[in-house]
Amino acid sequence: MFVMLKKTISRIPWLGLISIIAGLLAWGLIARYSGLPHFILPAPYDVWLSFVKTLKNGTLLYHTIITLTEVVLGMLVGVTFATVVGYMLAKSRTLEKILSPYLVASQAIPIVAIAPLLVIWLGGGILSKVLICALIVFFPVLVNTVVGVRAVPSALYDLMNSIRATKWQILLKLEVPAALPILFGGLRIGATLSVIGAIVGELVNAQKGLGYLLQLGDFQYDTSMVYVAVFMLIFLALGLYGIVAWVERKFLVWQERSNI
Amino acid sequence: MLKKLVLLMLGLALSLSSCSKLAVKNGADALRQIQLPMGYIPNIQYAPFYVAVEKGYFAQEGIELNFDYSFETDGVALVGAGELPFAVASGEQVLLARSQGLPVVYTFAWYQQFPISIVSAPELNIKEPADLRGQTIGLPGLFGANYIGLQALLFSAGFSPEDVTMEAIGFNQVEAFAAKQNNIVVGYASNEPIVLRSQGFEVNELRVSDYVQLTANGIISSEMTIKEEPDLVRAMARALALGIADTTANSEEAYTISLKYVENLADQELAVQMQILNTSIEFWKAGKIGYSDPQAWENMNDLLVKMELIPELVDLTKAFTNEFVP
């Protein structure tokens, strides 16, 4: 009975959309009947009005573009370094032994603790935010690169060696394709984490970006504006995740075919 | 029930530190437990509170204070929501909060003058606000008392904020100045300039209070608390006024008392800490302790509208009161 009900529910079209509408309705009802003041819990309509207002006057777009720029640059820097270092670690156990303590220790430091230091060292401009983003993206991509490269079956190396493939050919024809599925897993995590990195940087020295908008809303007790900034961050993270997933599907068509 | 649950989540962080203490004390005596959000970390500048507690002024009024060093905006929101009766907050926070419908009321002026300074390297020869034109100024962010103070100073000089470049550097003014990343920074008169001088840096200082009178830090309450418990509001004001008077009269004693409340205070340079305390005292001195200057409120109201932080002037008759000043 229960299994049948589950199957019936899963067949309902637009289940995700219905879930969002139900969530908004519940939020609206709580805001309406809980008696909470709007500066504690604004109604969805208040947030919508704030969204429209900040969209019309250009504030939202301006700050979103700033944050998006930091996130994209941070991801580029973080992913590039992580894949290069990850590949080197995967190929050299000695290097891994030397660098591992530093890499693991770097992950034990909360990024919020070192963000103010990075701002002092690099100034309050975009550079510090990009670096914070890159640092937060670095580790998951690095780990997945190492795992991905090491997961290549040794038989395939033997095959490549038997046909006298060069190191470049092994890298491009074997290691990269073989490591990509795992690497994309790291990229997906990195895409969402990079948004957090940008916000941490913006919260340390707020001047522009969605982190600043969030802080401004808090400073002005404009909770609706805080919600708008938070939702934009969610959309950014989901958008980036979706782009990575889309690229993954495009790149890994061969994997889907081979699974058929 | 639902309201309580959500507010419980909001106040959880603030409450955790004092929960166990509350349970013990409630059974022990009849003192009213008051959790007081301070807006900043434990600091010698809170000496009047420590003195008033230590000398029993709050206890005489039937109050036991539990210091809560959380963010200023959180304290204001909890008072506005009726969850806490009091918080320490700056005057602009009251107007910003009231503009968003929070029924908070400023009941006691602790600082009589706005304690923000512009600190600059001597070679820039900045002697008056007009000298700031065209300069790059580092400040924690485009929010808070530092931002308000700088804007007030710029408006007082007759030029707009666009005539300077404001650079958000986080709460790293001393480090940014010392590293020569910013040779003009905004900070508290009783903190950054003193710390920089103690580290051997020569600095010029422009005090906002020398050019414009603005309302500053004090005790806020809510319309509900004022209506339902006016005696409590009055008691709070009386106790704090005694603490301020005693601290002003004997700063050495206040320092000694503060050692118990401020962790690591004893490890910090005594001369610097005394200078911080004595500079703070300059900002607390008043003909009548706790009294709010209506002109300072009007100036702040006008400034926030000019800065477009509030859409229109706030009704000041509801924003502050001198009714409870002893």
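The values are calculated or read from the model by the stated rules, or taken from the named source; none is laboratory data. As the structure is a prediction and not an experimental result, all values here were calculated from the model. Please note: Cβ atoms are built from the backbone with ideal geometry, for glycine as well, and neighbour counts cover all protein chains shown.
Tabulated data for the structure shown
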quantity	calculated
Verdict on A:Gly28 being within 14 Å of chain B (Cβ to nearest Cβ), free of Cβ contacts under 8 Å to residues at least 40 places away in the same chain and either in a helix (DSSP H, G or I) or within 30 Å of A:Ala134 (Cβ to Cβ) (or both)	yes
Residue check for A:Tyr212: farther than 26 Å from A:Ile20 by Cα, within 14 Å of chain B (Cβ to nearest Cβ) and not in a helix (DSSP H, G or I)	no
Candidates A:Leu95, A:Leu15, A:Leu68, A:Leu99 - the one that is within 30 Å of A:Gly185 (Cα to Cα) and within 24 Å of the chain's Cα centre (by Cα)	A:Leu68
Options A:Leu49, A:Leu76; residue that is under 20 Å from A:Gly197 (Cα atoms) and either in a helix (DSSP H, G or I) or touching a helix residue (DSSP H, G or I) at 6+ places or on another chain (Cβ under 7 Å) (or both)	A:Leu76
Qualifying residue in region B:132-149 (condition: more than 14 Å from every other protein chain (Cβ to nearest Cβ) and out of contact with any strand residue (DSSP E or B) (no Cβ under 9 Å at 6 or more places or on another chain))	yes
Which listed residue, of A:Leu25, A:Leu49, is aliphatic (A, V, I, L, M) and surrounded by 13 or more Cβ atoms within 10 Å (Cβ to Cβ)	A:Leu49
Within region A:93-161, helices (runs of 4 or more DSSP H) holding 3 or more residues that are surrounded by 18 or more Cβ atoms within 10 Å (Cβ to Cβ), at pLDDT below 85 and of a type in the set (A, V, I, L, M, F, W, C)	A:111-122
Lone qualifier among B:Asn264, B:Asn204 - being over 19 Å from the mean Cα position of the chain (by Cα), of a type outside the set (Gly, Ala, Ser) and at positive phi	B:Asn264
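Every residue, every condition in (1) surrounded by fewer than 24 Cβ atoms within 10 Å (Cβ to Cβ); (2) part of a strand (DSSP E or B); (3) touching a strand residue (DSSP E or B) at 6+ places or on another chain (Cβ under 7 Å), yes or no:
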site: B:Phe171; (1), (2), (3): yes, no, no
site: B:Asn182; (1), (2), (3): no, no, yes
site: B:Val185; (1), (2), (3): no, yes, yes
site: B:Gln213; (1), (2), (3): yes, no, no
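Quick grid of which residues meet (1) more than 16 Å from B:Phe71 (Cβ to Cβ); (2) assigned to a helix (DSSP H, G or I):
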{"position": "A:Ile189", "(1), (2)": "yes, yes"}
{"position": "A:Leu193", "(1), (2)": "yes, yes"}
{"position": "A:Ala198", "(1), (2)": "yes, yes"}
{"position": "A:Lys208", "(1), (2)": "yes, no"}
{"position": "A:Asp218", "(1), (2)": "no, yes"}
